[in-house]
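The values are calculated or read from the model by the stated rules, or taken from the named source; none is laboratory data. Small disclaimer: the values here were computed from a predicted structure and weren't measured. With ideal geometry, Cβ positions are generated from the backbone for all residues, glycine too; neighbour counts draw on all protein chains shown. Just so you know, the surface numbers come from the protein's heavy atoms only, side chains and all, with ligands and any DNA or RNA stripped out. Shrake-Rupley method; radii C 1.70, N 1.55, O 1.52, S 1.80 Å.
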Amino acid sequence: MLLKNGSKGDDVKKLQEKLKLTADGAFGLKTEEAVKAWQKANGLKDDGIVGDGTWSKLFGVSAPVATVVKEDVVIPSGGPLNLEKLKGHIPDSVIAQIPETAKKFNITNNLRLAHFLSQCGHESGGFKAVSENLNYSADGLKKIFGKYFPGNLNESYARQPEKIAARVYASRMGNGDETSKEGFKFRGRGYIQLTGKANYTNFTKFIGEDCIANPDLVATKYPLASAAFFFDSNKLWSICDKGADDATVTAVTKRVNGGTIGLPDRIKHFKEYYNLLK
């Protein structure tokens, strides 16, 4: 569950009705301001973003499981993808995954590809990280996941990735409770971390291979495809199509990251890839 400025759909309507706003299904500034006010009044971080915690407290139920929503904006290809020009700039193993991924996930031109690769490259530390690192120290747990570790509980979880993931991802994103250990089983994998049993289930339905029984496939076989699934499901291609300027990279980054962390690096690599591809 992640609703924020720019989100649309039935969940936004439900949210607006709960906040006694005009339920038009479009999450704009008024909705954001109302969410912030509600969060502040209820002791939550007033960031205007509706995640699992805000949704659960608003409605007294777990956030709904996301369904697969394919983006319906597809434009003419505008020529072939110039993959040979990427050699030496991104790993050959990544280039090898592009043709099949492009066919399945609407990467129909070099502009989309440049936006996509720049985000994947940044999120994965240069296409190196394909599985979430949860090897946090006690201090790191307090800093990153403080609400899940009250008192000195963090000390008994420190440097134990399986226990950490099982706790912080428990009972959300389609996962079972902490004892199920599904939080670890369905931890973030791929170049843009696919996380949670609900997202693994949706990806499995689309890709046609059982990533529920074998979630490591997301890291080993589908690190790029799972990232493209994220782009397609979150309607990012229509944002990519707006252009090759910094404002467009910023808009894509906000949808991927939820903010602008690492924006200069993303812009740098977008320009590099786009100049090679165009």
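Once you have the Kirkwood Rh of the chain from its Cα pairs, apply Stokes-Einstein at 20 °C and 1.002 mPa s and quote D in µm²/s.
Working: Rh = 19.9 Å.
Stokes-Einstein gives a translational diffusion coefficient of 108 µm²/s.
Quick one: length gained pulling residue 205 to residue 244 fully straight, 0.36 nm per residue minus the C-alpha distance?
10.8 nm
Placing a pseudo-label 7 Å from each Cα along the Cα-to-Cβ vector at residue 257 and residue 41 gives an inter-label distance of 3.3 nm.
Please report the carbon-and-sulfur percent of the accessible area for the chain; probe 1.4 Å, protein heavy atoms only, DNA, RNA and ligands left out.
Working: 7150 of 13630 Å².
About 52 percent, which is the carbon plus sulfur part of the accessible surface.
Name the long-range amide H neighbours of residue 157: under 5 Å, sequence gap of 5 or more, or other chain; modelled H, no Pro or chain starts. For residue 157, whose amide H was placed from the backbone, there are no distant partners under 5 Å.
Diffusion coefficient (Stokes-Einstein, Kirkwood radius over C-alpha pairs, 20 °C, 1.002 mPa s) for the stretch 97-210: 136 µm²/s, rounded to a whole number.
For residue 57, a cut-off of 17 angstrom between C-alpha atoms picks up these aspartates and glutamates, skipping any fewer than 8 places away in its own chain: 11, 17, 32, 46, 47. Close amide H pairs (under 5 Å, H built 1.01 Å from N) link residue 131 with 190, residues at least 5 positions away or on another chain. Phi angles across the stretch 191-199 convert, under the Karplus curve 6.51 cos²θ - 1.76 cosθ + 1.60 with θ = phi - 60°, into 3J(HN,Hα) values of 5, 10, 2, 6, 9, x, 4, 4, 6 Hz, Gly and Pro given as x.
At most 14 other Cβ atoms within 10 Å and a DSSP loop assignment: could you name the trypsin sites (Lys or Arg not before Pro) in the stretch 148-253 that fit? Let's see the in-between values first.
On the way: sites: 159, 163, 167, 172, 181, 185, 187, 189, 197, 205, 221, 235, 242; in loops: 159, 172, 181, 187, 221, 235, 242.
Of the trypsin sites (Lys or Arg not before Pro), the ones in loops of the stretch 148-253 whose Cβ has at most 14 other Cβ atoms within 10 Å are 159, 242.
With only alpha-carbon pairs counted, each pair once and no self-pairs, how large is the Kirkwood hydrodynamic radius of the stretch 144-278 in angstroms? Mind dumping the intermediate values first?
Working: mean 1/r = 0.0599 Å⁻¹.
Evaluated on the stretch 144-278, it is 16.7 Å.
Keeping every protein chain present and rolling a 1.4 Å probe, give me the accessible area per residue for the chain in Å². Display every interim value, and only then the final one.
On the way: 13630 Å² over 278 residues.
Dividing the accessible area of the chain by its residue count gives 49 Å².
Applied to the stretch 152-157, the Karplus parametrisation 6.51 cos²θ - 1.76 cosθ + 1.60 on θ = phi - 60° returns per-residue 3J(HN,Hα) values of 9, 4, 4, 5, 7, 10 Hz, with x for Gly and Pro. Within the stretch 118-168, the percentage of alpha carbon pairs spaced more than 17 angstrom apart rounds to 41%. Considering all different alpha carbon pairs of the stretch 78-121, the Kirkwood hydrodynamic radius works out to 10.6 Å.
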